[in-house]
1. Under 1.5 on a/c is rounded, so check that first for region 49-188, then, if it is not, pick prolate when a/b is larger than b/c and oblate when it is not; a ≥ b ≥ c are the square roots of the alpha carbon gyration tensor eigenvalues.
2. Quick one: if the Förster radius is 45 Å, what FRET efficiency do TYR158 and ALA53 give, using the C-beta to C-beta distance and rounding to 0.05?
3. Say the dipole of region 257-311 comes from +1 at the beta carbon of Lys and Arg and -1 at that of Asp and Glu; which of GLY261, ILE303, TRP282 then lies farthest toward its positive end?
4. Can you tell me the 0 to 90 degree angle between the C-alpha axis of helix 83-92 and the longest principal axis of the chain, rounded to 10?
5. Which loop GluC sites (Glu not before Pro) in region 44-126, with loop taken from DSSP, have no more than 14 other Cβ atoms within 10 angstrom of their Cβ?
6. Trypsin sites (Lys or Arg not before Pro), restricted to region 189-235: which are DSSP loop and have at most 15 other Cβ atoms within 10 Å?
7. Can you give the alpha-carbon Rg of the chain over 2.2 N^0.38 Å, where N counts its residues?
8. Answer rounded, prolate or oblate for region 183-287, using the Cα gyration tensor with square roots of eigenvalues a ≥ b ≥ c: rounded when a/c is under 1.5, else prolate when a/b is larger than b/c, else oblate.
Amino acid sequence: MNRTRLVFVAIVLVAIGIVGVSYLARSGRASTLEPKRQEKLTVRVASALPVEAWVRQAAEGFNAAGKRVDGVPVILEVTAVDGLTAKGRWERGEFDPIPTAWIPDSRYLVELVNLTLKEKAGRDVFLTDGEYRARPVALSLFTWGIYASRAQVLQERYDTINWRTIHDAAIAKGGWPELGGEAAWGYFKLVVPNPRRNVGGLTAMVASAGEYYGKTRIDIGDVTNPEFQRWLAELMGAVTDFSSLSAYSAEDLALFGYSMGDGGQLLESDLLQHMGGIQSRWQEPLRIVYPEYITWFDFPFTIWMGPETTAAEKNAALEFERYLLSADVQRQAVLQGLRPVNTDVPLDVEGSPFVKWADQGILIVVPRSSAMRSPDREVLDALLRWFDLNVIQR
């Protein structure tokens, strides 16, 4: 082979090498830029305490069913967090990682958080319309649950049970004997959730204010009225010890009985879950009385619209919302004392606690009443501040 031919072959080989290296480099770059296919989608749900057990049970069923979005398996993770606690964590940016969805106790908590974060982000983080809007997945309301013997004495003396009745019982200097009850009962003891651990405690104060003023909307002037504050302090003075209460007041009532309290206004679903335990442990049923001024919790499924979660995660959360609204899962909600939002599901399903405890006052159809309006941020903050200064520090 002559010299010219050798040079030509060498040039061809070098050219081939350059093209090969260039191709491999481009292939490597392309593979690094191409997104890897996800192995699973994790959807984190922060759930209000009253529905957490139901939501967790539903999540287990959802996971077991092998649900997929765009071919990717979806895994639900549920965390229990009180509504007010979650509100604070959202507003202070303390959620890490950010939940894909939030199920608070009430829609007004969503509105308050969205208002705060909208001012920071310049856009809504929770939506009120469209496919991703906040939608209720269950209902419950606050009602009186009082040991039957105590309820009978109060009804004989006052004809009815309401916040004014409870206030008068709370300030009776002679205790239960003055009211017509037994001396062994001591003084009337009220059960109210700690507002710093359970949004139900704050709801109870709002409801008592509504009854005190005879109206459904409470403003800041009502909360700061010295006469009302004095009345509320006397009422809350009947609670044995807020510091000893957990976030689960109905559970505490079932565990500790009369030493915990004689009764109080608690969430209907919480009471229903513990009716059997209370009766078997303390050999006395609770009497349920529905108030004139009723507070509803609607437990809205709320999807976080920020960039911290992907579109796929948001769509997976939407799939779980649909699952929660399905007839079978809504029937499970009824069995746990919650009222369904799916109108195809009745309250008198087999095994329903609404039927089982009807003799003790539980009603399938709620009597005509006045629904309390949700308080604004100023009212919430004022009530919590009053509570800190006048109850916790007493």
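Read-outs throughout are calculated quantities, based only on the coordinates presented, and are distinct from any laboratory measurement. Because the structure is a prediction, the values reported are computed rather than measured. Quick reminder, even Gly has a Cβ in these numbers, built from the backbone with ideal geometry, and neighbours come from all protein chains shown.
1. prolate
2. 0.80
3. TRP282
4. Between the helix axis and the principal axis of the chain, the angle is about 40 degrees.
5. Qualifying residues, ordered by number: GLU94.
6. Values: sites: LYS189, ARG196, ARG197, LYS215, ARG217, ARG230; in loops: LYS189, ARG196, ARG197, LYS215, ARG217.
Those that pass, being in a loop and sparsely packed, are LYS215, ARG217.
7. 1.35
8. On the way: a/c = 2.17, a/b = 1.76, b/c = 1.24.
It comes out prolate by the Cα gyration axes.
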